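One structure is given below, encoded as structure tokens.
The values are calculated or read from the model by the stated rules, or taken from the named source; none is laboratory data. What you are looking at is a predicted structure, and each value in this text was computed from that prediction instead of being measured. Reconstructed Cβ throughout: ideal geometry from the backbone, glycine too, with neighbour counts over all protein chains shown.
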Amino acid sequence: MKLNLASAFFILCSLLILYPKNLEELFYYDDNPVRYAIAKKWVENKLSYDEKILFLAYGSSEIYIPFFYIAKFLNISYELTYNLVSLVLFISTLLYVMSLTRREEKNFYFITGLFTLFGIVCVAKGSLHWFIASSIIFGVLYSKSVKILHYVMVGFSYIISPPSIVPSVLISLALLFNGERKKSMVFILSLPMLLVKIVLVHPIVILDAKRSLDRNFGKDIIDWSLNSFCPPDLRVFIRPILLDYFKAPVLPALVLYTISMRAILTKDRFAILLFSFFYVTAFFSVFIIKLQLKGYEISKYLVSIFSFIFASNPFRHVPLLMSYLIIKSDQNKYDKILTKFILVSLFFYSISSLIKDEGELPTGFPKEIKSIIEFLRNSDSKNILFEGDIHTIQNNKLIHPLYNSHIIPYISEEVEGKKFYGGIIPLYSSKYNFFAGRFNLKPLENSDILDFIEDKKIDMVICWTDICSEFFSSSYEKEEIGKFKIIRLK
């Protein structure tokens, strides 16, 4: 297949697999509502200075903010804007990756197949910043020479997705071991761009880190911080094997296992050992974290290192690390067979979306979410305390307990004229402080939640856990809408 035709094939398959049949309503899966809510709050001037600092420090939503300003000026729906920007950025980034690999046909199909599936997951799950950052780093990695622009590109990727530092450092070590010193230094010498961002623009992050260490890296902070990203549980290591990132994982699994076979044939054996050591360390970190959570005395610095490794979500690094291995591998006699297998699998994957009339993106919006938004709009309550959600593991799958989504930010953002408190954004701070049966990281019965309710004149609490509902069991009026338990306070 000619490369121009192959490029069109990958783009078409991507769109069919995503199957964006409903652009007017938000792609609400996973972290999409968080990105949407932060961008909307930003352009509507609903964020304090400290909140802007907090959100910018952790990255991920900046890529949408300029487009939301345009949407506001042109009076275009924010939801439509978010969805279209996600798709356009995905396709543009994928085209960028393909433009690089077209120079060497031996890598084109494997790299493009890998980034196609990676990008599909990122669009569906609200992690497009990670896809863009990884693609930028890949572009620098794939280049034949080192340019000043490359330092800026890598630094930018660190800014929009700070965890991308982890695979970059691993790749840098592999390059350094192989004698590619100049290219190796690009990934290290670009780090100051992120440091400048943290030190000069985001002092809150440093203060939060210092407070955590001063509390001996308390187990409450570790427990919540990790659960908000990825629970410290050995079962999460099953996820990349089962590929539950996809609704129908069989065909994408065939593609990715095929690409993995090709990557393992790399000439860079040191990289294989280095990357394997990293994942063994990530696996071992679960035990260290669990020991600390059970009360064993472990160095706070050791725990912080292992927590950082695990909290960076090691499985997101796989596509970038795998792409490095593919680059360092030679063409072999099985490549044509493997290439055809990848193309056929993607073809049937896309056709299955057409047949089912459903892809990786949501085809509709849960009626229960619309119902609670309408309920809140019509309610007399002015100050509402929301119990936020965190990731949980059920049946060996990492899930969001509320409609496969961090949906609460979207709900709060679609209701005007109310003040929302608690776990509105899944990022613990002094303001976002009520998550999954804990208030300020403490069990409700040991917390000062009642004082907070009195201080803020809270007249409604919205729960989703039984813990929260039982805590307010003697409180006033109750009703349920979908998975939410609504408690009216006198």
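Would you be able to say whether some residue in the range 76-94 is touching a His at 6+ places or on another chain (Cβ under 8 Å) and either at pLDDT 95 or above or not small (Gly, Ala, Ser) (or both)?
Within the range 76-94, the first condition is being touching a His at 6+ places or on another chain (Cβ under 8 Å), and the residues that meet it are none.
Taking every residue of the range 76-94 in turn, none turns out to be touching a His at 6+ places or on another chain (Cβ under 8 Å) and either at pLDDT 95 or above or not small (Gly, Ala, Ser) (or both).
Looking at ILE342, ILE288, which is the one that is among the β-branched types (Val, Ile, Thr), over 23 Å from the mean Cα position of the chain (by Cα), surrounded by 17 or more Cβ atoms within 10 Å (Cβ to Cβ) and under 26 Å from ALA133 (Cβ atoms)?
Working: ILE288 fails: under 26 Å from ALA133 (Cβ atoms).
The unique qualifying residue is ILE342.
Exactly one condition in (1) modelled with pLDDT of 85 or more; (2) crowded, with 22+ Cβ neighbours inside 10 Å is false for SER61; which is it?
Among (1) modelled with pLDDT of 85 or more; (2) crowded, with 22+ Cβ neighbours inside 10 Å, the lone unmet condition for SER61 is (1).
Residue check: is SER190 farther than 30 Å from GLY388 by Cβ and at pLDDT below 90? Walk me through how you get there before you give the answer.
Numbers: farther than 30 Å from GLY388 by Cβ: yes; at pLDDT below 90: yes.
Yes: the conditions hold for SER190.
Yes or no, residue by residue, for (1) modelled with pLDDT under 60; (2) part of a helix (DSSP H, G or I); (3) at positive phi:
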{"position": "ASP223", "(1), (2), (3)": "yes, yes, no"}
{"position": "ASN227", "(1), (2), (3)": "yes, yes, no"}
{"position": "PRO232", "(1), (2), (3)": "no, no, no"}
{"position": "ILE238", "(1), (2), (3)": "no, yes, no"}
{"position": "ASP244", "(1), (2), (3)": "no, no, no"}
{"position": "ALA248", "(1), (2), (3)": "no, no, no"}
{"position": "LEU256", "(1), (2), (3)": "no, yes, no"}
{"position": "ARG262", "(1), (2), (3)": "no, yes, no"}
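Just the residues that are under 24 Å from ARG35 (Cβ atoms), over 26 Å from the mean Cα position of the chain (by Cα) and part of a helix (DSSP H, G or I), please, taken from the range 66-109.
Selection gives PHE73, LEU74.
Can you find, within the range 409-433, the residue that is surrounded by the most Cβ atoms within 10 Å (Cβ to Cβ) among those that are at pLDDT 85 or above and farther than 19 Å from ASP30 by Cβ? Step through it out loud before you land on a result.
Step one: list which residues in the range 409-433 are at pLDDT 85 or above, which gives 409-422.
Applying the additional criterion that residues be farther than 19 Å from ASP30 by Cβ yields 415-422.
On the way: VAL415: 17, GLU416: 7, GLY417: 7, LYS418: 14, LYS419: 13, PHE420: 19, TYR421: 19, GLY422: 25.
Looking at residues that are at pLDDT 85 or above and farther than 19 Å from ASP30 by Cβ, I get GLY422.
Kindly indicate which of TYR36, TYR69 is within 22 Å of VAL88 (Cα to Cα), modelled with pLDDT of 90 or more and buried (at least 19 other Cβ atoms within 10 Å of the Cβ). Break it down stepwise before answering.
On the way: TYR69 fails: buried (at least 19 other Cβ atoms within 10 Å of the Cβ).
When all the criteria are applied, what remains is TYR36.
With the checklist (1) of a type outside the set (S, T, N, Q); (2) under 18 Å from PRO163 (Cα atoms); (3) outside any loop (DSSP other than H, G, I, E, B) in hand, flag the one item ILE63 doesn't pass.
Unmet for ILE63, out of (1) of a type outside the set (S, T, N, Q); (2) under 18 Å from PRO163 (Cα atoms); (3) outside any loop (DSSP other than H, G, I, E, B): (3).
Could you list, in sequence order, all residues of the range 260-284 that are in contact (Cβ under 8 Å) with a residue 60 or more places away in the chain and not aromatic (Phe, Trp, Tyr)?
Residues of the range 260-284 that are in contact (Cβ under 8 Å) with a residue 60 or more places away in the chain, as a first pass: 260-268, 270-271, 274-275, 278.
Those that are in contact (Cβ under 8 Å) with a residue 60 or more places away in the chain and not aromatic (Phe, Trp, Tyr): SER260, MET261, ARG262, ALA263, ILE264, LEU265, THR266, LYS267, ASP268, ALA271, LEU274.
Please go through the range 273-285 and pick out each residue that is surrounded by fewer than 18 Cβ atoms within 10 Å (Cβ to Cβ) and touching a helix residue (DSSP H, G or I) at 6+ places or on another chain (Cβ under 8 Å).
LEU274, TYR279, THR281, PHE283, PHE284
Report, ordered by the first and then the second residue, all pairs with beta carbons closer than 6 Å, sequence separation of six or more or different chains, a first member in the range 1-16 that is over 20 Å from ALA248 (Cα atoms), and a second member that is part of a helix (DSSP H, G or I) and modelled with pLDDT of 85 or more.
SER7/MET98
I'm told ASN45 meets every condition in (1) assigned to a helix (DSSP H, G or I); (2) free of Cβ contacts under 8 Å to residues at least 60 places away in the same chain; (3) out of contact with any helix residue (DSSP H, G or I) (no Cβ under 7 Å at 6 or more places or on another chain) except one. Can you identify the failing condition by its number?
The number of the failed condition is (1).
Within the bounds of the range 396-408, is there any residue that is more than 28 Å from ARG316 (Cα to Cα) and at pLDDT 80 or above?
Step one: list which residues in the range 396-408 are more than 28 Å from ARG316 (Cα to Cα), which gives none.
Taking every residue of the range 396-408 in turn, none turns out to be more than 28 Å from ARG316 (Cα to Cα) and at pLDDT 80 or above.
Among the numbered conditions (1) modelled with pLDDT under 90; (2) within 23 Å of the chain's Cα centre (by Cα), tell me where VAL146 comes up short.
(2)
Report, by residue number, each residue of the range 366-395 that is surrounded by 15 or more Cβ atoms within 10 Å (Cβ to Cβ), out of contact with any Lys or Arg (no Cβ under 8 Å at 6 or more places or on another chain) and assigned to a strand (DSSP E or B).
The answer is PHE386, GLY388.
Just checking, which of PHE420, PHE386, PHE348 is of a type outside the set (S, T, N, Q) and within 24 Å of ASN107 (Cα to Cα)?
On the way: PHE420 fails: within 24 Å of ASN107 (Cα to Cα); PHE386 fails: within 24 Å of ASN107 (Cα to Cα).
Criteria check complete, one pass: PHE348.
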